[in-house]
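Just below is one structure, and these are the notes that go with it.
The values are calculated or read from the model by the stated rules, or taken from the named source; none is laboratory data. The structure presented is a predicted model; accordingly, all values stated were derived computationally and were not measured. Cβ atoms come from the backbone with ideal geometry, glycine included; neighbour counts cover every protein chain shown. Ligands, DNA and RNA are excluded from the accessible area calculation, which covers all protein heavy atoms including side chains. Shrake-Rupley method; radii C 1.70, N 1.55, O 1.52, S 1.80 Å.
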Amino acid sequence: MPKVFIIIINFNGWKDTQECLASLDKVNYDNFEIVLVDNASKERPQEADLKEFPNLKILYQFNKENLGFAGGNNQGIKIALSKGADYILLLNNDTVVASDFLSELVKEGEEDSKNGILGPLIYFYDRKDVIWSAGGRINKRFYRGELIGYQEEDKNQYQATEQVDYISGTCLLIKREVIEKIGLLSEDYFLYYEDTDWCQRAKLAGWRCLFVPSSKIYHKISSSTREFSYPYIYYHSRNGLIF
């Protein structure tokens, strides 16, 4: 059974992180560990807080400054690689996962050596029959990422595993050998589009990005940077241009 390391970034969102960890405690995949990276939260979790989850193997890293999504995840990825990870999963702290979400992703990854990046069907946390993402596509007119299925009611329209342009970093499983070939997330972005960039680099190097609908999670949406706040608009606009 491949070894998976799950990277979770906490930034002033310990309540959400707790709920995410509680859902991971029920996951039916036996061979995983968690790297929890705190990006300089004002009220950071303490070692005692992690004892709420005695069944989870959690490595804790606290940063004295906010390294952003890319920088924080890269820190976790380096730790995971040094510990012998076969797969690395980026997972937003404001998500709740189905118990079989990880086993379904790994199973699809093991089907073919070229299945390099995989992602689940993501629903809105507070509207569990409404889709947030069924993978991502790149709008080639404007060269920006767009979520497939965004705000569609789930009527079983996304049932097939298929190749997509990119997988959202909200929940992204990547093979070790892909990272060894294409490198870490680009820290030029700081926040947003680093996942789109990563997937494009992987595809150019010969791997597939797959949407796996049998894997399901639920997303609270932009808990650390509120949707349509200044940072949300600024980084989406700037990083779309960089991409």
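Values for this structure:
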{"read-out": "Computed label-point distance, nm, for sites Asp100 and Lys42 using a 7 Å Cα→Cβ extension", "value": "4.3"}
{"read-out": "Restraint check, Lys51/Lys155; Lys64/Lys216; Lys83/Lys203; Lys83/Lys155; Lys140/Lys181, Cα-Cα greater than 32 Å", "value": "Lys51/Lys155; Lys64/Lys216; Lys83/Lys155"}
{"read-out": "Antiparallel %, DSSP beta bridges [both residues in segment 16-165], to 5", "value": "55"}
{"read-out": "Neighbour net charge for Thr17 - beta-carbon separation under 10 angstrom, K R +1, D E -1", "value": "-4"}
{"read-out": "Under 11 Å, Cβ to Cβ, from Asp94 - net charge with Lys/Arg +1 and Asp/Glu -1", "value": "0"}
{"read-out": "Calculated FRET efficiency for the pair Lys51/Asn12, C-beta based, R₀ 30 Å, to 0.05", "value": "0.90"}
{"read-out": "The chain shape via C-alpha gyration tensor axes, a/c threshold 1.5", "value": "rounded"}
{"read-out": "Cα-Cα P(r), segment 146-186, percent of pairs per 10 Å interval", "value": "19, 47, 22, 11"}
{"read-out": "Accessible area per residue, Å², segment 65-168 with all protein chains present, probe 1.4 Å", "value": "45"}
{"read-out": "Within straight-line cross-link reach of Lys114, aspartates and glutamates at Cα separation under 17 Å, skipping those fewer than 8 residues along the same chain", "value": "Asp86, Glu104, Glu162, Asp165, Glu177, Glu180"}
{"read-out": "Accessible-area composition of the chain, carbon plus sulfur, in percent [1.4 Å probe]", "value": "46"}
{"read-out": "Global geometry of segment 84-167, whether rounded, prolate or oblate, following the gyration tensor of its Cα atoms and the 1.5 cut on a/c", "value": "oblate"}
{"read-out": "For the chain, calculated [θ]222 nm from helices alone, where every DSSP H run of n ≥ 4 adds -39500 (n - 2.57)", "value": "-9000 deg cm²/dmol"}
{"read-out": "Modelled FRET efficiency - R0 35 Å, Lys78 with Arg137, Cβ distances, 0.05 increments", "value": "0.70"}
